[in-house]
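Following: one structure in structure tokens, then a few remarks.
The values are calculated or read from the model by the stated rules, or taken from the named source; none is laboratory data. Quick caveat, the model's predicted, so the values are computed rather than measured. Here the Cβ positions follow ideal geometry from the backbone for every residue, glycine too, while neighbour counts run over all protein chains shown.
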Amino acid sequence: MVLPVEQTWLILVDLLTDLKKKGIDIPTSLNKDISLLRTSINFYKRDTTHPDMIKELERVNTVITEVQDKLLSFAEEFGTDYYNSWTDKLRRANLGEEVYKEPDSHSKFLSGAPPGFSSAKVHLKKPIAEDRVQEIAEYNNIIIEFEDDTTIAIFGDSDNIKEGLKEFAPFFKE
């Protein structure tokens with residue numbers, strides 16, 4: 001099941017990546033918001049009829065709109081054509097069109113990988129604090145998603161993932 005909000009998330013990740021390549025200094029809070037959005041979307045998809053999940057979707061929509069507004073304000077700096085190409089993708093996603101195909105993979109981990117991102121999976125012996133994981137994500141400019149208490153999915157540029165994994169190394173021994 002592909003939700004419009006999921007397509008919007010994929011587009012925003014692609015926009016964020018493109019803006020970074022163009023030299024825009026993206027606030028780390030946006031990376032954190034995007035990472036948490038993916039986790040929230042997956043949480044919602046587990047049971048779309050549960051009242052708590054419906055509240056979660058409302059929160060996701062609020063945060064995704066805030067992230068979208070911030071990223072589009074950066075996109076405006078590159079002219080009308082650039083800005084309009086991204087707003088067109090977002091409009092199509094909101095209408096339910098599949099703008100980005102989900103990767104065809106049997107791996108649970110790769111099914112949500114944003115286009116153009118490298119990915120990694122980390123299995124820890126013991127759970128670690130989400131705050132510490134988010135700190136590593138922000139510092140290394142990567143997106144982290146918890147699959148369960150001891151499994152973490154990492155998305156981002158290959159070099160950033162490598163640096164992030166170095167910071168996770170001490171947790172492998174615990």
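Side notes on the structure shown:
- The set of residues from the stretch 138-155 being among the aliphatic types (A, V, I, L, M) and under 11 Å from the mean Cα position of the chain (by Cα) comprises Ile142, Ile143, Ile144, Ala153, Ile154.
- Residues in the stretch 21-41 that are surrounded by 16 or more Cβ atoms within 10 Å (Cβ to Cβ) and in a helix (DSSP H, G or I): Leu30, Asn31, Lys32, Asp33, Ile34, Ser35, Leu36, Leu37, Arg38, Thr39, Ser40, Ile41.
- Single residue of the stretch 42-79 satisfying the filter (surrounded by fewer than 15 Cβ atoms within 10 Å (Cβ to Cβ), in a helix (DSSP H, G or I) and among the hydroxyl-bearing types (Ser, Thr, Tyr)) that is farthest from the chain's Cα centre (by Cα): Ser73
- Identity of the residue in the stretch 129-165, assigned to a loop (DSSP other than H, G, I, E, B) and either surrounded by fewer than 16 Cβ atoms within 10 Å (Cβ to Cβ) or aromatic (Phe, Trp, Tyr) (or both), that ends up modelled with the lowest pLDDT: Asp149
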